[in-house]
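Let me begin by presenting the structure, written as structure tokens, before commenting on it.
The values are calculated or read from the model by the stated rules, or taken from the named source; none is laboratory data. Keep in mind that this is a model prediction, so the values were computed, not measured. Every residue, glycine as well, gets a Cβ built from its backbone with ideal geometry; the counts of neighbours run over all protein chains shown.
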């Protein structure tokens, strides 16, 4: 174990700050790891352990087939179709599959609904569990120490950092993804959107609102995560 | 294991720094590595809990200092070596050992869509009696196994209410040790924030933790 770790440690160099494995460090990616992964891939292909075209297809899946657009469609459908919403809350796996989504890291979904008196937010304090089929791979902040550590002890402080202040009479309920259940927050439909089509509604739904660190705003303001 | 990965409740890691318009991968190698990890998993040489344990067992200082994908590299190397799929020497020398027979990869491009769609369910269709019921008061056990567990430290010894029974799932503590799946019920257990953190917490706030039968006792 030690050898590999030291190797990565050396590759990472002294540029990383303990506890802050964040985007900034990504800009200082050691070129060494680029080479290491390239060599590793070649070795594994040569040994017949992985198929290069399969790797291409996997990367394509992660980058293009999954992502928060999927989850946004689920949310918009739930907002516009009460029967669908009922199915979504009662049997999320089946309801999400109705829209064509499901699979790895979304096998056992739980949908939690926000109301005027209840705000749900999702974390994985132990690692990086996240509902891939509907939200894609998690953003860096979700799998980093600051969020993982404080989401459970200071959820309101965390929400404030995301620009969301909630009154004390709203219950903040944090879901820690300790088991194989994966959570999708069903945010509140914003006021004044009665006229919008399902598609237009889906365009309002952000990734952060489905993790529960933001609300859905009535009008789209530029590009939000 | 009481490791640094068990971060819930710590306060000194600094601000959360969301990145605007974050790409799925920040460099090509991150995507290749994520794909390699998924593809290697189809050999069935390790399960998700062994994979997590491997990652958690990396030295604490490295765990905190490295980025998610840098840690993944260490996890892949450890997993290859421990499973015998590849040796450290082969990884270091960047070529297969002399006389190695070429294998046939289980995951081909044509199978990727099905691999993703089928997933890797951890629910088990076996008749195991539930030890607890919705509405029941329970206490998370005070256990400190030196091996993999999914009972976070902040919940141990705390009183909660079973909110919902999700059915029977693979138990990570044994599954990570190769000791079998020991399928048992998983519950949503709701703790008040005050039970977990004391008076500093808001009275209405709650934390729901998904916990297995073996993590709980009646209270």
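Numerical summary
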| item | result |
| --- | --- |
| Qualifying residue in the range B:175-189 (condition: more than 7 Å from chain A (Cβ to nearest Cβ), assigned to a helix (DSSP H, G or I), on the phi < 0 side of the Ramachandran plot and surrounded by fewer than 20 Cβ atoms within 10 Å (Cβ to Cβ)) | no |
| Scan of the range B:96-105 for residues that are more than 28 Å from residue B:115 (Cβ to Cβ) and surrounded by 14 or more Cβ atoms within 10 Å (Cβ to Cβ), ordered by number | none |
| Selected residue [outside the structural domain of residue B:170 (by TED's automatic domain parsing) and modelled with pLDDT under 95] from B:87, B:100, B:42, B:54 | B:100 |
| Helices (runs of 4 or more DSSP H) contained in the range A:91-189 and holding at least 2 residues over 25 Å from residue B:172 (Cβ atoms) and either under 15 Å from the mean Cα position of the chain (by Cα) or facing another protein chain (nearest Cβ under 9 Å) (or both) | A:155-161 |
| Test result for residue B:139, more than 25 Å from the chain's Cα centre (by Cα) and either more than 7 Å from every other protein chain (Cβ to nearest Cβ) or part of a loop (DSSP other than H, G, I, E, B) (or both) | no |
| Unmet requirement for residue B:13, which otherwise passes all of (1) outside any loop (DSSP other than H, G, I, E, B); (2) at the interface with chain A (Cβ under 7 Å from one of its Cβ atoms) | (1) |
| Count - residues of the range B:142-173 that are within 14 Å of chain A (Cβ to nearest Cβ) and not in a loop (DSSP other than H, G, I, E, B) | 15 |
| For residue A:83: the one exception among (1) outside any helix (DSSP H, G or I); (2) at pLDDT 95 or above | (1) |
| Among residues of the range B:41-63, those that are more than 13 Å from residue B:149 (Cα to Cα), within 8 Å of chain A (Cβ to nearest Cβ) and in a loop (DSSP other than H, G, I, E, B), counted | 3 |
